[in-house]
1. I'd like the full set of residues that are within 19 Å of the chain's Cα centre (by Cα) and buried (at least 20 other Cβ atoms within 10 Å of the Cβ), limited to the stretch 69-96.
2. Kindly provide the set of residues from the stretch 176-223 that are surrounded by fewer than 19 Cβ atoms within 10 Å (Cβ to Cβ), under 19 Å from PRO58 (Cα atoms) and either without any contact (Cβ under 8 Å) to a residue 40 or more places away in the chain or touching a Cys at 6+ places or on another chain (Cβ under 9 Å) (or both), ordered by number.
3. So VAL37 clears everything in (1) free of Cβ contacts under 8 Å to residues at least 24 places away in the same chain; (2) under 16 Å from VAL251 (Cα atoms); (3) of a type in the set (Val, Ile, Thr) except one condition, right? Which one?
4. Looking at the stretch 113-138 only, could you name the residues that are in contact with a Pro (Cβ under 9 Å, 6 or more places away or on another chain), over 15 Å from TYR278 (Cα atoms) and not in a helix (DSSP H, G or I)?
5. Confirm whether LEU187 is at pLDDT 80 or above, in a helix (DSSP H, G or I) and closer than 22 Å to TYR278 by Cβ.
6. Starting from the stretch 78-95, keep only residues that are under 18 Å from TYR195 (Cβ atoms), then list their pairs with residues that are surrounded by fewer than 12 Cβ atoms within 10 Å (Cβ to Cβ) whose Cβ atoms are within a distance under 8 Å, requiring at least 6 positions of separation or different chains.
7. (1) assigned to a helix (DSSP H, G or I); (2) more than 20 Å from the chain's Cα centre (by Cα): which one isn't true of THR142, the others all being true?
8. Of (1) at pLDDT 90 or above; (2) within 26 Å of VAL283 (Cα to Cα); (3) surrounded by fewer than 24 Cβ atoms within 10 Å (Cβ to Cβ), LEU99 satisfies all except one. Which?
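The values are calculated or read from the model by the stated rules, or taken from the named source; none is laboratory data. Model, not experiment: these values are computed from the prediction. Cβ atoms come from the backbone with ideal geometry, glycine included; neighbour counts cover every protein chain shown.
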Amino acid sequence: MVSTVTKRSLDSLSGKITAKFAQVSPNKWKVILAFFVVYVVWGSTYVAIRFTLESMPPFLMVAIRFLIAGALMCAWTHLRGEPRPKKAHLVPTAVLGILLLVFGSTGVVLAERTVPSGLVSLLVATVPIYIVLLQWLRPGGTPPGKRVVAGLGAGVLGLVLLLGPARVATGSGIDLFGVVCVLVGALGSAIGALYARSANLPSSQQVAAGMEMLFAGVVLTLISACAGEFSYFQHFNLSIKSALALGYLIVFGSMLAFSAYGWLLKSVPADRVSTYAYVNPVVAVFLGWSLAGESITMQTIIGAAVILSAVLLITKPGPTAQLVAACEHEA
């Protein structure tokens, strides 16, 4: 009798679970999967970048990544029958490629040579802060509201706590050049986000992304050549770990995650998409600790909590959230 009752209870529970899952539409599963990709894959690119830098020079690595990813993205969109870009799209996509990728991604890469990947990801979270400031300071700009001002103040406080007041004052124990690279890159991404609102871009975000990556790859190739990085090929020593990390960045970080991100922008409210700005750093810090042996101190936890709280305040539903979501990921 007991076994029969138990069996009926399990069957009933199983039926309820099955019915619950049956209520979830295929489109909702796509949304869940896309968010998972944007949250986890983009958060993991920081530690992947660190692994590639173990055996590749910075500018050359980013150039190869974007040239290959851009070419594959353009080929993929062509096979899908996406509308071909027009001549009028060349300059805007080139400008965005420079702002979002040459400045944004390269700033991250240069910093990760000496700054832990988790810390870099938290510094990148300053992009929404820049966006608010640029909106405010531009001619005819609108001053931010009290909530956003509180977010700006919390963001500055979080940066000081994250880097350490004593280290900020003296510059000891931290690579200030690396920090500056990230912050300049974040500024470039914020400017790019504002410019993208009025830029004449292809109707397909994937086509625009492919073009931006190709333009960035060409510019970075020239910078790499000027920096003398081509001598790397004379003593080629690419490790298996770096090669796998580079492949991961190309396929998953640049192509898959961006495609999921672009689809989300069209499928769900922008303020929900903008949540990647404070989820990615959490993923990056955890992976940096678990895979790269980076330390997590109480100072890091407190500073991270303050910064992410600031981002949360700034990216609440509203015009700012729309801009944050429009800003492409730079790692």
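1. Within the stretch 69-96, ALA69, GLY70, MET73, THR93, LEU96 meet the criteria.
2. Within the stretch 176-223, LEU176, VAL180, LEU222 qualify.
3. Result: VAL37 passes all but (1).
4. ARG113
5. It is true that LEU187 is at pLDDT 80 or above, in a helix (DSSP H, G or I) and closer than 22 Å to TYR278 by Cβ.
6. Close Cβ pairs satisfying both conditions: ALA88/ASN200; HIS89/ASN200; PRO92/ASN200.
7. (1)
8. Of (1) at pLDDT 90 or above; (2) within 26 Å of VAL283 (Cα to Cα); (3) surrounded by fewer than 24 Cβ atoms within 10 Å (Cβ to Cβ), only one is false for LEU99: (3).
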